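Scroll down for the structure; my scribbles are underneath it.
The values are calculated or read from the model by the stated rules, or taken from the named source; none is laboratory data. These figures come from a predicted structure and were not determined experimentally. Ideal geometry is used to build each Cβ from the backbone, glycine not excepted, and the neighbour counts take in all protein chains shown.
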Amino acid sequence: MSTLDRPREKRSAAEYGGGWRLVRYPAPVPGCVQGDACREDAYAAALGGERADALVTDPPYCLLTRRRKRGDLRDPHAGRKIDREPVGRFESVRDYRAFTEEWLPRAVSHLRPGAPLAVWTNFLGKEPISSVARGLGYQPAGELVWAKRTTEHDGNEQLLRVYETALVFLRDPLPPLAPADPPRCWCVAAGYDDDGEAARWGSHPNHKPFSVLEALLRAWTRPGQLVLDPFAGSGSIPAAAMRLGRRAACLEIEPQWASRVSDRLATASSPGS
Ligand SMILES: C[S@@+](CC[C@H](N)C(=O)[O-])C[C@H]1O[C@@H](n2cnc3c(N)ncnc32)[C@H](O)[C@@H]1O
């Protein structure tokens, strides 16, 4: 069975030639669980024993601690954009690998066999995440690139100079496209907050816009499926999943963000609701 196949009862009416009749499937646990993605009890609390159909997540990036030559911390307040500091830093890439080795196998153990993984990262995080995923029997399928639309100073010109990527891993190689198949989408150009959702939900520094997440979720999950996000931040991924008729289970270590995500998910709606 391919990773995107799913039981008949979970298919939408549209797939049988009817109009859209998306059911809002209940999440295993309503809202976001405040917990640590490295701990088993957090997954038990978020999933209630259910296995997820996909891991779509945005863990802390591999940002290294900035130190002066003498070893003391440099610019300890850098990146503080909101009332709580969600940006973690790591002493070395080795430390980041150890962190990845703690959370990724644990998250994967809560997925159905064959479930895809989509993990956002920065340049330094690619190798540790890829090697841990490979160790779990996954192979890279591709990278979704978010080309970030920005303007400089007062200029009108729109630039796409910065990008972020989500690494996609599958158990089996992607089948080649047949001539009539639509292309696979691997790049989306979008601003940080085109739809105003970041501003509405606390301006998390690592917010991901719906237009970018939509491409990822449509490609690798199907309506009714359960999406696991152990690093919810402001909840962009679970909210996008719900908006697309998926179900969501999520964790966030910062109590304040976890509570905001719960508020956000309570207002998130699916197309059929
Ligand atoms: C890159 S951000 C996610 C941003 C999110 N995608 C959004 O759009 O708002 C990573 C989040 O993981 C949280 N986090 C860091 N370590 C964690 C851990 N061990 N368990 C759960 N959450 C953690 C941070 O507090 C942060 O909010």
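Annotations
- In segment 141-169, the residue that is farthest from L216 (Cα to Cα) out of those that are in contact with a Gly (Cβ under 9 Å, 6 or more places away or on another chain) and either in contact (Cβ under 8 Å) with a residue 24 or more places away in the chain or aliphatic (A, V, I, L, M) (or both) is T150.
- Selection within segment 38-63: residues that are within 9 Å of the ligand (Cβ to nearest atom) and over 14 Å from P238 (Cβ atoms). The member of this set that is surrounded by the most Cβ atoms within 10 Å (Cβ to Cβ) is P59.
- Positions within segment 160-210 being loosely packed, with under 11 Cβ neighbours inside 10 Å and more than 30 Å from L63 (Cβ to Cβ), in sequence order: P173, P175, P176, L177, A178, P179, A180, D181, P182, P183
- Any hit, segment 215-236, residues being within 16 Å of the ligand (Cβ to nearest atom), more than 25 Å from D36 (Cα to Cα) and touching a helix residue (DSSP H, G or I) at 6+ places or on another chain (Cβ under 6 Å): no
- Y16 vs. criteria modelled with pLDDT under 80, more than 11 Å from the ligand (Cβ to nearest atom) and either under 29 Å from E143 (Cβ atoms) or surrounded by fewer than 15 Cβ atoms within 10 Å (Cβ to Cβ) (or both): yes
- Options E101, E157, E152: the member that is surrounded by fewer than 16 Cβ atoms within 10 Å (Cβ to Cβ) and within 18 Å of A37 (Cα to Cα): E101
- Residues that are over 11 Å from the mean Cα position of the chain (by Cα) and either of a type in the set (D, E) or within 12 Å of the ligand (Cβ to nearest atom) (or both), drawn from segment 249-273: L251, E252, I253, E254, P255, Q256, W257, A258, R260, V261, D263, R264
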